[in-house]
Amino acid sequence: MVIVMKNEATEDQKKAVSDMLTNMGLKVHRSDGEARTIIGAIGDTAKVDELSLKFMDGVLNVVRIMEPYKLASRNFHEDSTRISIGNNIIGGDKVVIMAGPCAVENENQIFKIAKIVKEAGASIVRGGAFKPRSSPYSFQGLGEEGLKLLHAAGREFDMPVVSEILEATHIDLMNKYVDIFQVGARNMQNFWLLRELSKTRKPVLLKRGMAATIQELLMAAEYIMSGGNYNVILCERGIRTFENYTRNTMDISAIPVVKKLSHLPIVGDPSHGTGIREHVAPMARAAVAAGADGLMIEVHNDPNKALSDGPQSLLPDQFKTLMEELKTIAWAIGRSV
Ligand code: PEP
Ligand code: MN
């Protein structure tokens, strides 16, 4: 349930509403938007007497949220959420580009690629250290050594870093090295992991599960938010369909749909979304045109020798060209890259 306060509502009036809800045993979340304050109540709201709330001083309206996700809903928080990471804001006018290799392989590789993506205009460097591979015989990542190298490369080129977390026991370790925890598609519904991440305040990049609906993605975000971590960045990375010319089917329509349903930022991942190098740039351009707040793109200096996801990694020159193209697209919709 949300209580929308009048524009002219005083602090005392807002407090009175919050106190009343708290006294009823409900969890209260207050959102001070540009236009007005919205007070959200979570818990067993069935017993709340809507009419008496409606007649409290300063109250404009009382709305019951029908969606199963509350904190993630735009009804709960009208203004788009902006998440600050270093000097970057995800969810603002600038489309934030995160780029780097699928996996950190060695020092030379990650430093080389970080330099390439930085010079081309990326703001955040990515690189997996713990890799969730389909085969137990494939490269599983460098573990802590990979995190150290990623962190060092981020420092060297003045970029925050994002890396995937596979399990809750890694939170303390990863916290030392990463600026954003990435929850991969395979873990989107690992509710235990989400709950543990909700106890941190570090941004979480939450990827859509490969067979997850948009509602399930938003419910996963709700898990993180309900523990008090509101810094959730959603990611459309393609879903499994009957189509097999591409690795996944990138659901570009998820971007505007999520924007309508939720205030959380959403980024597009055309690398996993297509799995095929030549299709990455068109889908990156489409994601920005559709309103994505950012992109996550795999780039490799020597993709034929990459230890994971080489076939979908852009070559340095392709990434540079794409970054130029994105400027025009972003400009056309009143944004920048
Ligand atoms: C990745 O980003 O390298 C990755 C494994 O992504 P996803 O979880 O979307 O498959
Ligand atoms: Mn990958």
Just to be sure I understand the filter: pairs with C-beta atoms under 6 Å, separated by 6 or more residues or on different chains, first member in segment 131-146 and at pLDDT 95 or above, second member outside any loop (DSSP other than H, G, I, E, B) and within 13 Å of ligand 2 (Cβ to nearest atom). Which pairs pass? Lys131/Ala103; Pro132/Arg186; Gly141/Ala103; Gly141/Gly128
Among the residues of segment 134-148, how many are buried (at least 22 other Cβ atoms within 10 Å of the Cβ) and either over 23 Å from the mean Cα position of the chain (by Cα) or assigned to a loop (DSSP other than H, G, I, E, B) (or both)? 2
Enumerate the pairs (first residue in segment 222-237 and away from ligand 1 (no atom under 13 Å from the Cβ); second residue anywhere and of a type in the set (Phe, Trp, Tyr)) with beta-carbon separation below 6 Å, excluding pairs fewer than 6 apart on the same chain, so at least 6 apart or on different chains. Glu222/Tyr69; Tyr223/Phe191
What's the number of the only condition in (1) away from ligand 1 (no atom under 14 Å from the Cβ); (2) of a type in the set (A, V, I, L, M); (3) without any contact (Cβ under 8 Å) to a residue 40 or more places away in the chain; (4) within 26 Å of Glu324 (Cα to Cα) that Val125 fails to meet? (1)
Taking the criterion of being of a type in the set (Val, Ile, Thr), assigned to a strand (DSSP E or B), within 16 Å of ligand 2 (Cβ to nearest atom) and within 22 Å of Cys235 (Cβ to Cβ), would at least one residue in segment 101-122 satisfy it? no
Take the residues of segment 169-190 that are under 18 Å from the mean Cα position of the chain (by Cα) and aliphatic (A, V, I, L, M): which is farthest from ligand 2 (Cβ to nearest atom)? Ile171
Report, by residue number, each residue of segment 23-45 that is more than 10 Å from Glu78 (Cβ to Cβ), within 25 Å of the chain's Cα centre (by Cα) and assigned to a loop (DSSP other than H, G, I, E, B). none
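The values are calculated or read from the model by the stated rules, or taken from the named source; none is laboratory data. Fair warning: this is a prediction, and the values are worked out from it, not measured in the lab. Reconstructed Cβ throughout: ideal geometry from the backbone, glycine too, with neighbour counts over all protein chains shown.
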